[in-house]
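Q: Would you mind keeping the following structure in view while I ask a few things?
The values are calculated or read from the model by the stated rules, or taken from the named source; none is laboratory data. From a predicted model like this one, the values you see are computed outputs, not experimental measurements. Because the Cβ atoms are built from the backbone with ideal geometry, glycine has one as well, and the counts that use them run over all protein chains shown. The area values use the complete protein model at the heavy-atom level, side chains included, leaving out ligands, DNA and RNA. Shrake-Rupley method; radii C 1.70, N 1.55, O 1.52, S 1.80 Å.
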Amino acid sequence: MAASLSRLSHIAFHVPAGTGLVSDLVGKFRFHLFAERVTARARQLALRKGAAVFLVNERLGEAPPAHTFPFDPTQPALAQQPVLGHSDGEFLYDISPLHPVSTASNVCFEVQDVPSVSRRLQERGCPLAIPPTNVTDDSGSVTYCVVRSVVGNISHTLLDRSRYRGVFLPGFRATGDVPEGPRDLAEATHFDHITYACSRGSTQAVLDWYQHCFGFQRFIVNRQEDVAEGYRIHGHGVGLRLTAMRYGKGSEPGLVDDCKFVLAESLLEPGKNQVDAFLEQHGGAGIQHVGLYATDIVSTARALAQAGVRFVEPPQAYYSEVGKAEEIRAAGQDPWLLSQHGILLDAELAGDGEGGGRGSSARQRRYLMQIFTKPIFPEETFFLELIERRGAAGFGEGNIRALWKSVQAYLDKQE
Ligand SMILES: O=C(O)C(=O)Cc1ccc(O)cc1
């Protein structure tokens, strides 16, 4: 049996100190800094917006030597890692990826039983980077392990916090930062999806690994998708192949509600290409963007833009394309308002996506709205997205083409 996950806990970044990521997440993206752990060599800061939690790992001073955990898989006993006395240079709950540029590299899940999950992973041929380890402080204890994925620098921390009453994880202290008024206008409730930039030809191996190790299931993002090939969008300067998988939808009670991973590969097309730009500037495959679910994307985008978030601008022609304004109006939205904020809207045709063609809901117009930020690090790598879904579970071609073109235009200007 594959290892079962209970819920997505957080996504972790690794950045050098002084990158400004934490101040941007707080000041511009209106995240709430709620816990921190500081040692002589590392600062770990936990930030929350609704159920979306980021952990920012900042390396202070010189990069430490590569993490080498002496792990003997024949040893079932839990390693004990009391917070006091823990080596100062290490990041708790993660491996130090020692990545050359700032990166989001860990997607952490809660699980019910770390030793049994790690046994299952090992039976399935997934070596652990950190074996089951206990960390305790005055508020209780947490057990975790870390497994490296088959995608670039991405790992997964799997942790059981059922015996912990503290604010985040043992070793962290509450920061006492209280959310202020404007944050209410910038509502985002959870992570909608996580998109990986993958090297060409690697998608099937990635799908197989996640299915084999954790039981993720492929899902179809668009009716035009070919099951074997994925959803290919090409021509007119776009060359993208998307495939998606999810965990939890309709599975046993108590398990992850819904965690979606989207795999993006570039297709051979003339011109520049944002997936290849990511691979080159990031130094390999990794998390390209994270979609934050917004309950009211217009007011969230407005509040974040006022706070200084920089969004990519849709191509000039987007809102005047034949039928676009009608599509937006038919969805009950205002084309002018969306254009003021640069928000994209894609409606599914009846029968598109999951559940298409069944019952009366298939006749209603389901749609989604999206807006993408500019890359948040100096490299053209990681960015965030706001997404509001009105019944549409997948992704639409119109938005992807518009996103592709707007990012390309932005990349072109950087040269
Ligand atoms: O639309 C989304 O949020 C996706 O995740 C699809 C996607 C993936 C990669 C790109 O470079 C552009 C679009």
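Q: Which order, highest average first, do 226-238, 115-127 follow once you tally other Cβ atoms within 10 Å for each residue and take the mean per peptide? Let's see the in-between values first.
A: Working: 226-238: 14.3, 115-127: 16.6.
Highest to lowest by the protection proxy: 115-127, 226-238.
Q: Here's another thing I want to ask about it. Would you calculate the separation in nanometres between label points at K413 and A228, each defined as 7 Å from the Cα along the Cα-to-beta-carbon direction?
A: 4.3
Q: If you don't mind, another one. Would you pull out the residues with amide H under 5 Å of G152's amide H, same chain only if 5 or more places away, H placed 1.01 Å from N?
A: A285
Q: Additional query: If one computes the Cα centroid of the range 12-33 and of the range 394-409, what distance in Å separates the two points?
A: So the separation of the two Cα centres works out to 26 Å.
Q: Compute and list, largest first, the equivalent-ellipsoid semi-axes of the range 276-351 from the alpha carbon gyration tensor, each √(5λ) rounded to a whole angstrom. Numbers along the way, then the final one.
A: On the way: eigenvalues 139, 61, 36 Å².
Listed largest to smallest, the semi-axes of the range 276-351 are 26, 17, 13 Å.
Q: Here's something else I'd like to know. Provide the per residue accessible area, probe 1.4 Å, for the range 369-415, rounded to a whole number of square angstrom. Provide the component values of the computation, followed by the final result.
A: Values: 1530 Å² over 47 residues.
For the range 369-415, the per-residue accessible area is 33 Å².
Q: How would R246, R30 rank on accessible area, largest to smallest, probe 1.4 Å?
A: Details: R246 20, R30 50 Å².
So the residues, ranked largest to smallest area, are R30, R246.
Q: Okay, moving on. If R₀ is 51 angstrom, what is the calculated FRET efficiency for the pair Q122 and D334, using the beta carbon separation as r and rounding to 0.05? Don't jump to the answer; show the numbers that get you there.
A: Details: r = 54 Å, r/R0 = 1.06.
After rounding to 0.05, the efficiency reads 0.40.
Q: Now for a separate question. With every protein chain left in place, what is the accessible area per residue of the range 266-344 in square angstrom, probe 1.4 Å? Write out the running numbers ahead of the final one.
A: Values: 3620 Å² over 79 residues.
Per residue, the range 266-344 has 46 Å² of solvent-accessible surface.
Q: Could you tell me the center-to-center distance, by alpha carbons, between the range 194-209 and the range 38-58 in angstrom?
A: 27
Q: Something else: Ranking request for peptides 366-375, 325-334: highest mean number of other beta-carbon atoms within 10 Å first, then the rest in descending order. Mind showing how you got there, number by number?
A: Details: 366-375: 23.3, 325-334: 15.1.
Averaged packing, sorted descending, gives the order 366-375, 325-334.
Q: Can you give me the Kirkwood hydrodynamic radius for the range 118-178, using every pair of distinct Cα atoms, in Å to one decimal?
A: Numbers: mean 1/r = 0.0768 Å⁻¹.
Taking the inverse mean of 1/r over all distinct Cα pairs, the range 118-178 comes out at 13.0 Å.
Q: Something else now. Give the whole-number value, in cubic angstrom per residue, of the convex hull volume spanned by the C-alpha atoms of the range 188-414. Kindly include the intermediate steps, with their values, before the conclusion.
A: On the way: hull volume 30.6 nm³, N = 227.
Here the figure is 135 Å³ per residue.
Q: How long is the gain from S202 to D276 if the chain were fully straight, where each residue apart is worth 0.36 nm and the alpha carbon distance is subtracted? Please list the in-between numbers first.
A: Working: separation 74, 0.36 × 74 = 26.64 nm, distance 1.34 nm.
Length difference between fully extended and current span is 25.3 nm.
Q: Using a simple charge model, +1 on the beta-carbon of Lys and Arg, -1 on the beta-carbon of Asp and Glu, nothing else, what dipole does the range 188-414 show about its Cα centre, in debye to the nearest 20?
A: Dipole magnitude for the range 188-414 comes out near 320 debye.
Q: Oh, and also: Roughly how many percent of the accessible protein surface of the range 188-414 is carbon and sulfur, given a 1.4 Å probe and a whole-percent answer? Can you show the working numbers first?
A: On the way: 4710 of 9370 Å².
So the carbon and sulfur contribution to the accessible surface is 50 percent.
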